[in-house]
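The values are calculated or read from the model by the stated rules, or taken from the named source; none is laboratory data. Computed from a predicted structure; not experimentally measured. Every residue, glycine as well, gets a Cβ built from its backbone with ideal geometry; the counts of neighbours run over all protein chains shown.
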Amino acid sequence: MTGDKPKSAYEDDGAASDREAAPVNFIKHIIDKDIQTGKYDGHVTTRFPPEPNGYLHIGHAKSICLNFGLAEHYGGICHLRFDDTNPLRENTEYVESIIEDVRWLGFDWKDNLYYASDYFDRLYTYAVQLIRKKKAYVDSLSTDEIREFRGTLNEPGKKSPYRDRPVEENLALFEKMAAGAFEEGTCVLRAKIDMAAPNIVMRDPTLYRIRKKSHHRTGERWCVYPMYDFAHCLSDSIEKITHSLCTLEFVNNRELYDWILDALEVYHPQQIEFARLNLSYTVLSKRRLIQLVEEGYVNGWGDPRMPTLSGLRRRGYTPGAIRKFCDVIGVARRDSMVDISLLEHCQREELNVSAPRVMAVLNPLRVVIENYPDGEGEMLEAVNNPEDASMGTRNVPFSRVIYIEKEDFMEEPPKKFFRLAPDREVRLRYAYFIRCRGVIKDEHGEVVELRCTYDPETRGGNTPPDGRKVKATLHWVSERHALSAPVRLYDHLFRVENPQAANDFRGHINPASLTEAASAKLEPALKDARPGMHYQFERLGYFYTDPKESTDDHPVFNRVVTLRDTWAKIRKKQNAGG
RNA sequence: UGAGGGUUGGUCUAGAGGCAAGACGACGGGUUCUGGCCCCGUUAACCCAGGUUCGAAUCCUGGACCCUCAGCCA
């Protein structure tokens, strides 16, 4: 078969890449076919085209990974292009954050950084060409009239009385629009297509509108600005994009994308649509994200609870985990809701092999080891990462008084609770077996201290000569040596799986999305923590020294994600069962 | 009720006329100085009805349901 040869050649290319082979998807099938038929001379050029009017979120990451990933896979290039055609909403703060975020994700557009606003002169010329071809006209209807004339989903629209203005008049009018002779809203340039088109996008869509507003890049140069439908396809064409990927809500616009390029007889990329990402327990629409920020439900776009790339970064999510996530969710055309646990899984998978382990007690309970000599202490060796021996070991100080986690002791342990309880013995990680001999309570009956004894023969946490086993190993911190630091515990921003479906999504914000462990006690090795470092707090989760609030001397920890917690699941089931 | 897009286990994704596959989750077990990691196993899906075919998730016909569009937003 003749078709086999080129195909296997591409497979070889893919295998040569040191990045994990991304799964096949329908877009790759299309591109493979285009390469076989020589549609674009075998080239693949994509682009990521954000509008600089908000911060990038994990949904954008899907598009970024797709566009840059495809270009890389096929040996092509991916442009970064700002779709900045609306000076009302766009500014350089957003441009800068977007550049930072795409870079952080790990992608490189080389020198292919573009702005739709760079093309304003050419776009204007294209518009003039369209007028000359009798395919565009200046309409002097008001906004309301245009809406009325458009018709409805079921009824055709009506032609504007200005629709058949002669070419010369349109030319003169458009020129005056551009020169600032008209006020905003008094006229627009429209494509002359078909007011009865079943696809409403084709009912003489607006191409240019008047905006007497300074643009973040072109300043006062223009007072007419192209609409998305006009600017986008032509920007793609100018940049010789081969495959123009966008989300499903633009399917209806593809007809217009094709119409404009055909009318102007210019290079014609193909638009391919895919389903946007929806993630459970959060929101990903720009409108809702802005609301969260502006109404103060979160602390800005970069709040660690936000699904923005800046928020995820601040929280401690890593670019590798996000890329992996974008790989495993795949790309298709059906609406879907990805479970956020998949994102969390990808993050754990990466940090499991890379994050040094350390002991920290978030909710301390004092434990006095009665048979351990007062005032003495010793260093015990702990491994830094059982997944990676090359990360070495460290020494952890032990002494008579230590802290353990409050939740690791229960006076009346239920079934399947393996941790400390009166008269029960457990292991202190890397230290000793201890047995609980007494419980001290305050006036409210709350347990405030445990009295325990230790077995010297279990030093290092090893099984004693008599072969005695324990069912649990607890993390701990020596009181005398403990460091203190604020630890912020982040959880899902919303209590419901699909807050977007709610009447008012704000009513479902998780009140416990941020809690602080104010009296956390940390092992002294954490004195080396600097802003922007990852750790696993053993038995608790992965933590990150907040890059903004930490200083070299005073780290602030963010919980990125908990460890999988089998006991929490058992307890939940027990509680549910009564 | 116009046009367009869509429907495969709980979730996401493969499948292109020939054994419905993988990941996540859930459940059970093994291992373990993290109730983590790892390992093993179980569970569980082609929207419906017809048709074509030796054979249909896949092709055809009809239907149901979901999503998008009536910005001078993108």
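A few points about this structure:
- Inter-residue pairs, beta-carbon under 9 Å, first under 16 Å from A:Pro205 (Cβ atoms) and in the stretch A:144-164, second part of a helix (DSSP H, G or I) and acidic (Asp, Glu), 6+ apart: A:Gly157/A:Glu148; A:Lys158/A:Glu148; A:Ser160/A:Glu145
- The stretch A:448-468: number of residues that are over 13 Å from A:Ala431 (Cβ atoms) and either of a type in the set (A, V, I, L, M) or within 8 Å of RNA strand B (Cβ to nearest atom) (or both): 3
- Yes/no for A:Tyr454 being modelled with pLDDT of 95 or more and over 30 Å from A:Asp546 (Cα atoms): yes
- Any hit, the stretch A:193-209, residues being part of a loop (DSSP other than H, G, I, E, B) and more than 21 Å from A:Arg147 (Cβ to Cβ): no
- Residue within the stretch A:515-528 that is modelled with pLDDT of 95 or more, part of a loop (DSSP other than H, G, I, E, B) and in contact with a strand residue (DSSP E or B) (Cβ under 9 Å, 6 or more places away or on another chain) present: yes
- Taking the stretch A:65-89 as the range and being buried (at least 22 other Cβ atoms within 10 Å of the Cβ) and part of a loop (DSSP other than H, G, I, E, B) as the test, the residues that pass are A:Tyr74, A:Asp84, A:Thr85.
- Checking A:Leu428 against (1) within 11 Å of RNA strand B (Cβ to nearest atom); (2) surrounded by 17 or more Cβ atoms within 10 Å (Cβ to Cβ); (3) touching a residue at least 60 places away in the same chain (Cβ under 8 Å), the condition it does not meet: (3)
- Only helices (runs of 4 or more DSSP H) whose full extent lies in the stretch A:105-181 are considered here, and the ones with at least 2 residues that are of a type in the set (Phe, Trp, Tyr) and away from RNA strand B (no atom under 12 Å from the Cβ) are A:120-132.
- Within the stretch A:493-514, the set of residues being surrounded by fewer than 19 Cβ atoms within 10 Å (Cβ to Cβ) and in a loop (DSSP other than H, G, I, E, B) comprises A:Arg495, A:Val496, A:Glu497, A:Asn498, A:Ala502, A:Asn503, A:Asp504, A:Asn510, A:Pro511, A:Ala512.
- Filtered residues of the stretch A:469-482 (kept if over 38 Å from the mean Cα position of the chain (by Cα) and within 11 Å of RNA strand B (Cβ to nearest atom)): A:Lys469, A:Val470, A:Lys471
- Annotation note: Cβ proximity below 7 Å between a residue of the stretch A:362-389 that is surrounded by 14 or more Cβ atoms within 10 Å (Cβ to Cβ) and a residue that is of a type in the set (Phe, Trp, Tyr) and part of a loop (DSSP other than H, G, I, E, B) (sequence gap 6+ or interchain) occurs for A:Leu380/A:Tyr430; A:Ala382/A:Tyr430.
- Residues that are within 15 Å of RNA strand B (Cβ to nearest atom), at negative phi and not hydroxyl-bearing (Ser, Thr, Tyr) number at least 1 in the following strands (runs of 3 or more DSSP E) confined to the stretch A:297-406: A:377-383, A:393-399, A:401-405.
- Output for the stretch A:244-283, where each listed residue is in a loop (DSSP other than H, G, I, E, B), closer than 30 Å to A:Ile509 by Cα, out of contact with any His (no Cβ under 7 Å at 6 or more places or on another chain) and within 13 Å of RNA strand B (Cβ to nearest atom): A:Ala275, A:Arg276, A:Leu277, A:Asn278, A:Ser280
- Within the option set A:Asp108, A:Asp101, being of a type in the set (Asp, Glu) and surrounded by 17 or more Cβ atoms within 10 Å (Cβ to Cβ) holds for one residue only, A:Asp101.
Table: residues versus (1) within 13 Å of RNA strand B (Cβ to nearest atom); (2) on the phi < 0 side of the Ramachandran plot; (3) free of Cβ contacts under 8 Å to residues at least 40 places away in the same chain.
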| residue | (1), (2), (3) |
| --- | --- |
| A:Gly185 | yes, no, no |
| A:Arg203 | yes, yes, no |
| A:Leu207 | yes, yes, no |
| A:Arg221 | no, yes, no |
| A:Pro226 | yes, yes, no |
